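Below is one structure, written out as structure tokens; the observations come after it.
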Amino acid sequence: MEEQAKKIAASGKNPPSRGSFGRRHQPTGSQGQNVAQIEQWSSLALGGLLAFRGLRKGSLLSLAVGAGLLYRGTTGSCPLYERFGIDTRRESFGTGGRGHHASKSIHINRPPEQLYAFWRNLENLPRVMSHIESVTSLDDKRSLWVARVPFADTIEWEAEVTTERPNELIAWRSRPGSELDCEGAVRFRSPAFGEGTEVFVSMSYLPPGGTIAAKVLKMFRSGLQQQLQEDLRGFKQLMEAGERPRSDPEQSMQVLQ
Amino acid sequence: MRAVCWQGKRQIEVRNVPDPEILNPRDAVIRVTRTAICGSDLHLYQGRIPTMRRGDVLGHEFMGEVIEVGAEAKHALSVGERIVVPFNIACGGCFFCEHELFSLCDNSNPNADMVEALYGDCPSGLFGYSHLFGGYAGGQAEYVRIPFADVGHLKVPDELDDEQALFLSDIFPTGFMAAEQAGISPGDTVAVWGCGPVGQFVIWSAYKLGAAKVIAIDRIGERLQMARERGGAETINYEATSVYDELREKTAGRGPDVCIDAVGGEAHGHSVDAWYDYAKEKLMLETDRAHVLRQILHCCRKGGRVSIPGVYGGFIDKFPLGMAFGKGLQFTMGQTHTHRYMKRLLQFVVDHEVDPSFVITHRLPLEEAPEAYRLFNDKKDDCIKVVLEP
């Protein structure tokens, strides 16, 4: 028995498989549980909400989906995942094929100190990240993030700075239990020759709705990459030029008759 | 305000549009006192530049009086000052601006991703030159907003009138940079293709930089005449003679040391390759007609230098790279780094070494812009350069 438990633990720490997509589901031992804990909690919350709304408004669809999510949340097992051979419990976040990952680098003609200072004040980030509505610092490490997401108004989560090395690195990730599981890091490096700073940003998002949604959204992965590139361009513009350039607002559309 | 609007291919209208406003802290707004039509505006006129939209305000050669200044431009500009504005928009803070490559500014095009998709990189934004280059309203209007106005302006001394300063916005620096980039050394023979306004300033600049002889090539009588009489160039009418033979004759068989293409992608010609270009262009198989460029490679001396201020937008065909390689030619090209030259060239004007207004042949009110475009495009009425008064 003890041995088996060890095996399970070991299997849980197995190097995440490359692309869980085609992998056949292997029983993990705990009665077919295949939903990660964070996701389990979100399923409970969302399921409860949907079921409640379904009851109140008499929507069978809401009720059914809500019930499904509640089941998923309470048992930690998901028949759909089973069918697709997905097991989010076994995958550690950020290294597997789940969620969205984007990474980009850019050269900015400013010293690392200035760029680091801007970024370390996380409340500045909505000025360069187009999908982030606001960031509020709760204390030195913790912050509350609000983002605009497709198919919903906003989503918010609490994040904490996990690593910081002045003028070199800032890494952050969402705190356990957040609605959105995400992590990111920005590195600042003086180029071997020449002036300015090379900035490297990487980000991962695991959207609410778990892995299936993630896989659908994965089709838009290049979109996230593109967005990160535009965000970094905005960061560079703000740092180098002090402002972001603006076209004359739809000049052609404004012609008075 | 009244503004010259692009309404479609060969359709220009003067219309009422909203007055510009300060949008960014480094903006300024000026009341335009003089503006001009540039040869490159004709590319827009002929519908050759993509991403133009009905109602876009044209014009990138203009000057005027400052009427409003954003908070972050106040250290450099005040209301009431008379300024001339470079046609490219540059932030002054990026790698390229710091290296005085202002037309390659990283931060001045809000639609950078569009150009990157085409060119792999993004040059600076431009006034009144399509959404690809930033979607900025142009200066053929009563008022215009100047982004990054703290670096994008040159104050005009009182003793100069508008017409003497206006061309510091584009064509004078463009002609000068073409000559300077070609590395003209004293004693060189320089051949210039195209005797439009830029060509005229190339001729002046080439002599200024020490050329012993400038030979100008065109087909239009009044332009060749201006090159001879105002510029002191020898001229060749390419319709009357063989350009190659003439150039060899004038250089004792060696060919010009420096060749400058002040024509660009809308070259005219009657040779086989020129007709080939017309045909392919009509079939939309190439975007630029490279006839002049081919002729330049053929005529230039071995080890010579080719400078291209003429605008090319897309693809050219039958470019004889082997010929260029075999002759060991050097090339320089690109949009003008206008900011780099304005002050220096202003000094020549102040010192009475040149009065750039010599290229002006027509002065019309802004309201007559449609007629002005037509005249200039069709080279009617001996038109070389049109200035508009708002």
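Each value in this text was obtained by applying a stated rule to the coordinates, not by laboratory testing. Just so you know, these numbers come straight off a predicted model, no measurement behind them. So basically every Cβ, Gly included, is an ideal-geometry build from the backbone, and we count neighbours across all protein chains shown.
What is the Cα coordinate range of chain B on the first, second and third principal axes, sorted by size from largest, in whole angstrom?
60, 49, 44
So, in nm, how far is label B:Ser185 from label A:Glu156 when the simple model puts each one 7 Å beyond its Cα toward the Cβ?
For the pair B:Ser185/A:Glu156, the computed spacing is 7.0 nm.
Counting only DSSP beta bridges with both residues in chain B, what percent are antiparallel, rounded to the nearest 5?
Values: 31 of 57 bridges.
Roughly 55 percent of the beta bridges in chain B run antiparallel, per DSSP.
How about B:Lys74: which aspartates and glutamates have a C-alpha closer than 16 Å to its C-alpha, ignoring those fewer than 8 places off in the same chain?
Qualifying aspartates and glutamates at Cα under 16 Å: A:Glu243, B:Glu21, B:Asp27, B:Glu65, B:Asp150.
From the phi of every residue in the range A:188-203, what ³J(HN,Hα) in whole Hz does the Karplus formula 6.51 cos²θ - 1.76 cosθ + 1.60 yield, where θ is phi - 60° and glycine or proline is x?
Coupling constants for the range A:188-203: 10, 9, 6, x, 4, 10, x, 9, x, 9, 8, 10, 10, 10, 10, 9 Hz.
Can you put B:Met177, B:Met323 in order, fewest other beta carbons within 10 Å first?
Values: B:Met177 25, B:Met323 13.
The fewest-first ordering by Cβ neighbours comes to B:Met323, B:Met177.
Based on the Cβ-Cβ distance from B:Val272 to B:Glu13, what FRET efficiency comes out when R0 is 45 Å, to the nearest 0.05? Show your work: numbers first, answer last.
Values: r = 40 Å, r/R0 = 0.88.
According to the calculation, E is roughly 0.70.
When the Cα atoms of the protein assembly as shown are enclosed in a convex hull and the volume is divided per residue, what value in Å³ results? Could the numbers behind the result be given before it?
Working: hull volume 137.3 nm³, N = 647.
So the per-residue Cα hull volume is 212 Å³.
Testing the spin-label approximation: label points 7 Å from Cα along Cα→Cβ at B:Asp381 and A:Glu164. State their distance in nm.
6.8
So, in nm, how far is label A:Phe200 from label A:Arg53 when the simple model puts each one 7 Å beyond its Cα toward the Cβ?
4.2
Out of all DSSP beta bridges with both ends in the protein assembly as shown, state the antiparallel percent to the nearest 5. Display every interim value, and only then the final one.
Working: 72 of 98 bridges.
The antiparallel fraction comes to roughly 75 percent.
On a 19 Å Cα-Cα criterion, which of the cross-link pairs B:Lys280/B:Lys318; A:Lys104/A:Lys236; B:Lys280/B:Lys385; B:Lys9/B:Lys282; B:Lys9/B:Lys379; A:Lys104/A:Lys141 come out too long? Working shown, then result.
Numbers: B:Lys280/B:Lys318 11 Å; A:Lys104/A:Lys236 13 Å; B:Lys280/B:Lys385 30 Å; B:Lys9/B:Lys282 15 Å; B:Lys9/B:Lys379 17 Å; A:Lys104/A:Lys141 24 Å.
Too far apart for the 19 Å limit: B:Lys280/B:Lys385; A:Lys104/A:Lys141.
A:Glu133 to B:Leu285: FRET efficiency via 1/(1 + (r/R0)^6), r the Cβ-Cβ distance, R0 51 Å, to the nearest 0.05?
Details: r = 48 Å, r/R0 = 0.95.
Step by step, r from the Cβ atoms, then E = 0.60.
By how many nm would the segment from A:Lys141 to A:Phe193 lengthen if fully extended, with 0.36 nm per residue of separation less the alpha-carbon distance?
Details: separation 52, 0.36 × 52 = 18.72 nm, distance 3.36 nm.
That works out to 15.4 nm of additional length.
Given Cβ point charges of +1 (Lys, Arg) and -1 (Asp, Glu) and nothing else, what value in debye, to the nearest 20, does the dipole of the range B:172-333 about its Cα centre take?
On the way: 18 positive and 19 negative charges, 79 e Å.
Computed charge dipole of the range B:172-333: roughly 380 debye.
With a 10 Å Cβ neighbour count serving as the proxy for reagent exposure, in which order, fewest first, do A:Trp157, A:Trp145 appear? Each step should come with its number before you reach the end.
Working: A:Trp157 19, A:Trp145 24.
The most exposed by this proxy come first: A:Trp157, A:Trp145.
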